[in-house]
Amino acid sequence: MGGDHAPEAIVAGAVEAARIYGVTVSLVGQPNVIEAELKKHNTKGLNLPIVPASQVIAMDEKPAAAVRAKPDSSMVVGCKMVKRNEAQAFVSAGNTGGVLAAGILHVGRIKGILRPALIGPFPTLKGVCLILDIGANADVRPEHIQQFAIMGSIYAREVIGIEKPRVRILSNGEEAGKGNQLVIESYKLLEQTPSILFEGNIESKEIPTGLADVVVTDGFTGNIFVKTAETTARLMTQVITEEIKKSPLAMLGALLARRSLQRVRERMDDSHYGGAVLLGLSSLVIVAHGRSNALAIRHAIRVAKQAIEQDVLMKIQRGVAALESQKAAVPDESISI
């Protein structure tokens, strides 16, 4: 029941998802609060069980400590439900760090996965680009980046529907050899990964053009890129609105172009993309944006449904296992005397 617009948006989105997708959505939190919200909706025939959770992890709490100190928080209860197969996915718009900590601690990783990564959608001129990691790991190694690329490719293919996802690594130049040590070493590994279509480096300015379907980076850099881009988009919308209101002629023009402006807004609205998936865990955990409205929550549940139907987690496990088999098959070139 976390998020800036909880519990209203969370419950409304869950009701919409249950009605449209025909799924069972368990609402984890304080029963009296949830029941009061459910009364505002027509829930006849919908499966919306309430699972009690008495504690709340606030946005300003230290994630790992809070997860351990509050075992009856909705995040911990929800993650334990998927671990026990009482649910197939957990969706939360609450404290991102808390969701990550609860997921890693109580759900656990897929066998062979070194680091789970947050993968999030970014709108481009050609559709959407998936970026990972966008916040789960501030510091990573090249082998982590390699696994991110494999997981991202599988997700892009199975959930987004991109037949041959183009993978690039975020750098400060498009030429091979550009970037810090992490990028340079990761580049070499990605070139040697046959299960992905690696096309080299990408600069941040090229991501919105649709040059790549999957962009891999460390969680520190990815998080900064996404937050900067989100803020810039909101700033531009605000500036345009302010300037239009200054002139009657501009207001008339905006009125005439309202349908086009609405389409632009819809293309840039991340509510349609759902949330960021914490790939690499043994069950699905989705982190919705803290400012998620009902539409965003509904689509986060849709993404979970698609990932389950496409058996994404099993395919990730197979992809990582194939990589390990490939490494094991490479002859040891060391010389003993």
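Each value in this text was obtained by applying a stated rule to the coordinates, not by laboratory testing. Owing to the predicted nature of the structure, the values given are computational and were not obtained by experimental measurement. Cβ sites come from the backbone with ideal geometry, for glycine too, and all protein chains shown count toward neighbours.
In this structure the amide hydrogen of Ala136, modeled in the peptide plane, comes within under 5 Å of the amide hydrogens of Leu118, none closer than 5 places in sequence on its chain.
Using DSSP, restrict attention to beta bridges with both residues in the chain and report what percent are antiparallel, rounded to the nearest 5.
Numbers: 12 of 30 bridges.
Just about 40 percent of them are antiparallel.
For Arg234, Arg298, Arg259, the sequence from fewest to most other C-beta atoms within 10 Å is Arg259, Arg234, Arg298.
In angstrom, the C-alpha Rg and Dmax of the chain are 21.3, 86. Taking the empirical scaling 2.2 N^0.38 Å for compact globular proteins as reference, segment 1-135 has a Cα radius of gyration ratio of 1.12. For segment 19-91 versus segment 290-320, the inter-centroid distance based on Cα atoms is 17 Å. For segment 1-43, the set of trypsin sites (Lys or Arg not before Pro) satisfying both a DSSP loop assignment and a count of at most 13 other C-beta atoms within 10 Å is given as Lys39, Lys40.
Distance between the modelled labels on Glu242 and Lys188, one decimal in nanometres: 5.0 nm (7 Å Cα→Cβ projection). Extension gain, Ala58 to Leu255: 0.36 nm times the residue separation minus the Cα-Cα distance gives 66.8 nm. The distance between label points at Tyr21 and Arg234 comes to 2.5 nm (points 7 Å beyond Cα on the Cα→Cβ vector).
Charge tally around Ile301: other residues with Cβ under 15 Å, Lys/Arg +1 each, Asp/Glu -1 each, net +2. Fully extending the segment from Glu35 to Asn47, taken as 0.36 nm per residue of separation minus the present Cα-Cα distance, adds 3.0 nm. The residues Ile308, Ile104, when put in order of fewest to most other Cβ atoms within 10 Å, stand as Ile308, Ile104. Estimated from helices alone, the mean residue ellipticity of the chain at 222 nm is -14000 deg cm²/dmol (sum of -39500 (n - 2.57) over DSSP H runs with n ≥ 4, per residue).
When the alpha-carbon atoms of segment 120-273 are used, the pair Rg, Dmax equals 18.0, 59 angstrom. Across all Cα atoms of segment 174-227, the radius of gyration (one decimal) and Dmax (whole number) stand at 11.3, 32 Å.
Entry note, the chain: relative contact order of 23 percent, from Cα contacts under 8 Å with a spacing of 6+ residues.
Taking only the C-alpha atoms, wrap a convex hull around segment 20-98 and report its volume per residue in Å³ as a whole number.
Here the figure is 104 Å³ per residue.
The distance separating the Cα centre of segment 154-228 from that of segment 126-152 comes to 8 Å. Annotation note: GluC sites (Glu not before Pro) in segment 174-224 located in DSSP loop regions with a Cβ neighbour count of at most 16 within 10 Å are Glu174, Glu175, Glu203. Could you check what % of the DSSP bridge pairs in segment 120-273 are antiparallel, to the nearest 5? The antiparallel proportion sits near 35 percent.
Using a simple spin-label model with pseudo-atoms 7 Å out from Cα toward Cβ, Phe220 and Glu143 lie 2.1 nm apart.
Cross-link check: pairs Lys39/Lys315; Lys164/Lys327; Lys80/Lys126; Lys62/Lys227; Lys164/Lys188; Lys227/Lys305 evaluated at a Cα-Cα cut-off of 31 Å; pairs beyond the cut-off: Lys39/Lys315; Lys80/Lys126.
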